[in-house]
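What follows is a single structure, written as structure tokens, with notes after it.
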Amino acid sequence: MDDQSDGRSSIWTDTFSVDDAASGLRLASYRLRLTLHRRPGTRLSPTVWRAGAMGSDVPDRFTVPASEPGLARS
């Protein structure tokens, strides 16, 4: 749910954001949890093919210049 806040940080869909980076508040750790459900009466097990999370400590997205376009790598 968008716009969840505790006065120091906010959640927007899939993004956790410290509201005032100058405050010194930093995320020290996080926990990723998946809850799998199946339809009542079925014996089929749900499958997770991939899950991931990422963290970064960069300035506001509007103050960071775009990188030069280049070839994609995998």
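Would you point out the residue of region 1-43, among those that are touching a residue at least 12 places away in the same chain (Cβ under 8 Å) and outside any loop (DSSP other than H, G, I, E, B), that is nearest to ASP57 (Cα to Cα)?
The residue in question is ALA21.
Quick check on this structure: which one of ARG8, ARG38 is surrounded by 10 or more Cβ atoms within 10 Å (Cβ to Cβ) and touching a helix residue (DSSP H, G or I) at 6+ places or on another chain (Cβ under 9 Å)? Quick ask: steps written out before the conclusion?
Working: ARG38 fails: touching a helix residue (DSSP H, G or I) at 6+ places or on another chain (Cβ under 9 Å).
From the options ARG8, ARG38, the qualifying one is ARG8.
What number of residues within region 13-28 satisfy the criterion of being acidic (Asp, Glu) and over 14 Å from ALA53 (Cβ atoms)?
Residues meeting the conditions: 2.
Filter region 11-32 down to residues that are exposed (fewer than 10 other Cβ atoms within 10 Å of the Cβ) and under 12 Å from the mean Cα position of the chain (by Cα), then give me how many there are.
6
Does region 44-63 hold any residues that are in contact with a Lys or Arg (Cβ under 9 Å, 6 or more places away or on another chain) and without any contact (Cβ under 8 Å) to a residue 12 or more places away in the chain, and which are they?
Let us first name the residues in region 44-63 that are in contact with a Lys or Arg (Cβ under 9 Å, 6 or more places away or on another chain), namely 44-46, 57.
Of everything in region 44-63, those that are in contact with a Lys or Arg (Cβ under 9 Å, 6 or more places away or on another chain) and without any contact (Cβ under 8 Å) to a residue 12 or more places away in the chain turn out to be LEU44, SER45, PRO46.
Acidic (Asp, Glu) and more than 17 Å from SER17 (Cβ to Cβ) - does that describe any residue in region 43-59?
Narrowing region 43-59 to residues acidic (Asp, Glu): 57.
Filter once more, so that each one left must be more than 17 Å from SER17 (Cβ to Cβ): none.
Checked against the condition, which is being acidic (Asp, Glu) and more than 17 Å from SER17 (Cβ to Cβ), region 43-59 yields no hits at all.
FYI, it's all coordinate maths here, none of it is from the lab. Note that this is a predicted model, so its numbers are computed, not measured. Using ideal geometry, Cβ is built from the backbone for each residue, glycine included, and neighbour counts are taken over all protein chains shown.
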